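See below for the structure under consideration.
The values are calculated or read from the model by the stated rules, or taken from the named source; none is laboratory data. What you see is a predicted model, and the numbers here were worked out from it, not measured in a lab. Here Cβ is always computed from backbone atoms with ideal geometry, including for glycine, and neighbour counts include all displayed protein chains. Accessible surface is based on the protein model in full, side chains and every heavy atom, while ligands, DNA and RNA are left aside. Shrake-Rupley method; radii C 1.70, N 1.55, O 1.52, S 1.80 Å.
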Amino acid sequence: MNLTSAASPGRYCPDIYKVALSFLKGATLDALHQIMDRGITLPDLFELPESTICAILDRSLPEPFDPYHRSQAMVLAEKEMRFVERHHIRVLFADEQDYPIRLAQIQSPPPVLYMLGKTTLNQPHPVSVVGTRMVSPYGADSTRRITRELAEYFPDLCVVSGLAYGVDCIAHTTALETKVTTLAVVAHGLDTIYPAQHRDLARRIIGAGGAILSQYPSGTRPFRSNFLERNRIVAGISDATIVMESELKGGAMSTARHAFEANRDVFALPGRASDSKSTGCNHLIRTQRAHLITTAADLIEVTGWQPLGIKVEARHRSLFPELDGDARLIYDYLRLEPEPRAIDLIHHHTSIPMSRLMALISDLEFDGVLIRHPGNRLSVAT
């Protein structure tokens with residue numbers, strides 16, 4: 001259904017009605033579809049009198065579509081159209097072909113997106129890479145390494161992030177260095193860049209064939225609630241989301257939650273129990289809301305993505321036999337067990353002192369050799 005096909009003689013170009021939608025706060029795509037399903041086009045919605053529309057609907061209009069809000073939206077849209085045309089910004093409507101397919105599949109996707117850049121938003125291999133702004137050296141190195149590995153396997157990779165400090169900036173920069181597409185989703189209008197220090201990065205992203213994306217018209221400031229909405233887009237536009245580092249509370253955790261709720265694959269980089277910046281990632285893994293990731297092979301194993309002409313051995317299994325000493329005892333015992341085993345059983349069969357056993361298990365989990373199951377039971381990663 002093409003909602004922009006004008007049944008009535010509009011005074012404006014079709015894009016202005018899409019732009020006007022972005023000024024109707026609280027107007028959802030579901031509510032819009034309910035109106036359009038009765039034969040009312042997008043131009044009709046903004047040009048016909050309320051009495052005519054209500055007669056067709058046989059009910060009153062939802063509040064976001066009342067006459068005052070529609071009138072104000074059209075006034076603002078006329079000004080916004082001048083900005084959009086002057087800066088060559090694309091306006092993407094949710095029922096049109098260039099709108100990101102994956103984002104259209106989430107619950108209540110934004111009806112309108114603004115995009116600065118010429119890339120497609122329907123890349124074959126989009127992955128969101130997110131995390132804390134105060135990234136540690138471990139998180140920074142892991143972000144670079146895993147992003148580079150994915151870029152080597154998938155030249156058509158699209159790295160999605162939020163243009164923030166820390167993990168976001170590193171993900172975008174690494175994508176640029178490896179010459180894959182990167183998409184920055186922002187929480188404000190495209191008349192500004194936040195943080196201002198990343199204006200040059202934004203220019204580089206666009207210059208390299210990527211894009212800056214927002215659901216907000218110009219003049220919209222980066223309010224806190226906008227960042228939470230932005231996270232929905234970051235999660236919804238990708239097949240997979242990787243959380244590189246995060247505390248229990250933070251924007252990356254909300255992105256992971258949105259991805260999980262949208263039935264997208266979520267991955268988390270494990271960290272030491274003593275590292276506060278890894279508490280969120282460890283929690284996601286422990287509660288089985290995220291797959292553990294230490295290399296690109298882990299993502300490939302879960303998603304089923306297969307690089308053309310390359311066979312990827314997940315988690316470099318061939319390294320496991322090189323374990324020695326007590327670590328080898330643990331591995332050999334669990335490898336032969338048909339079911340995950342509790343820690344006290346591992347202790348009983350290996351005779352490794354409990355304090356050393358716990359430390360070794362933590363290291364083996366971190367290396368991707370062991371997997372922890374509910375009830376603190378462990379098995380060898382297969």
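Considering only residues in segment 218-231 that are over 14 Å from VAL127 (Cα atoms) and in a helix (DSSP H, G or I), the one that is modelled with the highest pLDDT turns out to be ARG230. Of everything in segment 107-142 that is touching a Leu at 6+ places or on another chain (Cβ under 6 Å) and either part of a strand (DSSP E or B) or β-branched (Val, Ile, Thr) (or both), the residue that is farthest from THR173 (Cα to Cα) is VAL112.
Restricted to segment 169-179, and to residues there that are over 17 Å from the mean Cα position of the chain (by Cα) and not hydroxyl-bearing (Ser, Thr, Tyr), the residue that is least open to solvent (accessible area, probe 1.4 Å) is LEU176. Selection of segment 257-277 for residues being within 16 Å of VAL135 (Cβ to Cβ), in contact with a strand residue (DSSP E or B) (Cβ under 9 Å, 6 or more places away or on another chain) and not in a loop (DSSP other than H, G, I, E, B) yields only ALA268. Residues that are at pLDDT 90 or above, open to solvent by 50 Å² or more (accessible area, probe 1.4 Å) and not in a loop (DSSP other than H, G, I, E, B) within segment 287-303 comprise just one, HIS291. Within segment 76-88, residues that are closer than 14 Å to ASP15 by Cβ reach partners that are of a type in the set (Ser, Thr, Tyr) and outside any helix (DSSP H, G or I) with beta carbons closer than 7 Å, at six or more positions or on different chains, in the pairs GLU80/SER218; PHE83/SER218. Looking only at residues of segment 304-328 that are at pLDDT 85 or above and closer than 18 Å to ILE371 by Cβ, we find that the one that is surrounded by the fewest Cβ atoms within 10 Å (Cβ to Cβ) is ARG328. Taking the conditions (1) touching a Pro at 6+ places or on another chain (Cβ under 9 Å); (2) without any contact (Cβ under 8 Å) to a residue 40 or more places away in the chain in turn, THR174 satisfies each one other than (1).
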